[in-house]
1. Estimate the FRET efficiency between T396 and A30 by the formula 1/(1 + (r/R0)^6), using the beta-carbon distance for r and 56 Å for R0, to the nearest 0.05.
2. So how do 209-216, 404-411, 114-121, 279-286 stack up, highest first, on mean other-Cβ count within 10 Å?
3. So between L142 and S41, what do we pick up on full extension, going 0.36 nm a residue minus the alpha carbon distance?
4. If I model a spin label at W15 and L59 as a point 7 Å from the Cα along the Cα→Cβ vector, what separation in nanometres do I get?
5. About the Cα centre of region 269-318, what is the dipole size in debye to 20, counting +1 per Lys and Arg Cβ and -1 per Asp and Glu Cβ, all else neutral?
6. How much length, in nm to one decimal, is gained on full extension between T222 and T339, taken as 0.36 nm per residue of separation minus their Cα-Cα distance?
7. Calculate the FRET efficiency for L230 and D367 from the Cβ-Cβ distance with a Förster distance of 35 Å, rounded to the nearest 0.05.
8. Between L131 and L200, what's the calculated FRET efficiency when r is the beta-carbon distance and R0 is 25 Å? Round to 0.05.
Amino acid sequence: MRAGGRLPMRRAINWYVAAISALAIGWGFAAFFSGAAFSSSAVTDALLLCGLAISAELLGYVLPQSAVGTIAFIPYLAASVVVPGWPSVLAVGVVKIIAEICARRAPIKAVLNVSGHVVMQLVAVSVYVALGGMSLKSIVDLHNLTHVTRVVGGPALIAFGAALIVNNLIVMSAIAMTSGRSVAGVMQQNNRLTFGLDFLAIPLVFVFAWVYAEYGVIAAATCWVPILGLRQVHRANLELERTNEELLELMVRSLEARDAYTSGHSRRVQQYSAVISRAIGLSERDVRDVSRAALLHDVGKIHEKYAPVLAKQDKLTPEEWAIIQDHPADGANLVATMTRLRDVVPAIRHHHENWDGTGYPDGLAGDLIPLASRIIRFADTIDAMTTERPYRLPLTPAQVRAEIIRCRGTQFDPGIADRLISSALWSTLFVPTPQMASPRLAIIAGSAATPSDQNRRPARSMR
């Protein structure tokens, strides 16, 4: 099944790259034969300006799903207003080919990257010219930046924005095809890290182009050095954040490795929590915070005292049940030792509290329970109900819905319950994704178990 699934995917991405390449080549030739004539000095300007991007290309950093982030777009797009025609398109293609060779990327990725950047440059040039833009070097009062901005600033900024959007769509669509995720999902994961800053840099692109046009390549290179430095600081922050996320994932994997029943549980609860958060209208920032807490909600079970309890197949004794009830507090205490994660500590501590106050560890009720904990309570239960048990198959969506309605106001926040089951996102909870593809054999803590479940396997169903 896997090989069969990968083959159509590989064919699809091959056709996609071929289509983008054909677009870049066809459009590029059309621009060359239909465009205005340019002098050799214009070609030199384009090559020199785009050549500055080599340093940025070599200092690229890896984003989620193997995307690569750079600020090479600054000199590339600057070239589109200094030499708004085929020379800047050619220069981008040449420089990008050199960068891909130096990076030793796989041919399919290299072709896509080169083609995508050529299309990006063609978009920038076409939009700029269509809006009445002209070469910065042809402006009479070039030394006056205010005048230059008034004459061509609007077309330039629009052209830069359009080009960045097109390039982003090209790359993220390819990643979505290879990862089996939606384009929106991939863009959300990657763009929150860099795309906002890239758009904020659009005015900088215009100023950088003006510096080159007015003062030449030496002045532009001098300005380029601190820009690279600032981006490297941002790169270090991104890599630190990614390392932290990977350490969290490693911690969760270590926890799940000790209990086959819970393999993949934390990642599934994370995914469910994100869907539920969006269903009730939380902002993307809040969704990320809830997702992080959900990933770590059971981390307290990494303590050695839980190993024999988690491995037990029979009903838990009162003493063992008392031990398992310690895991939310233990997890919160463990996570509290990490400065960057202290915001999620309450969500972890209270993810087994019930709306009516019958939960643990503190017996909180109603709105006193953190919102993130209430969301995780839903996600945790949904995963329990939709995983296979030795004595029953996973519940159907209709059965899950019925259980949520039954436990509305007792185990669950009634407001969240109502908004979730009436949301258009409800059905997406039951659509498997690559992130939720672990074998669904887990019986997870805190399920809204049916009476028959409680009679047959109460210990496992309530952990």
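None of the figures in this text is laboratory data; all of them are computed from the coordinates on show. Note that this is a predicted model, so its numbers are computed, not measured. Every residue, glycine among them, receives a Cβ derived from its backbone with ideal geometry; neighbour counts consider all protein chains shown.
1. The formula returns an efficiency of 0.55 here.
2. 114-121, 209-216, 404-411, 279-286
3. Additional length available on full extension: 34.6 nm.
4. Those two pseudo-labels are separated by 4.1 nm.
5. With only Lys, Arg, Asp and Glu charged at Cβ, the dipole is about 60 debye.
6. 38.3 nm
7. Once the sixth-power term is evaluated, E becomes 0.20.
8. 0.70
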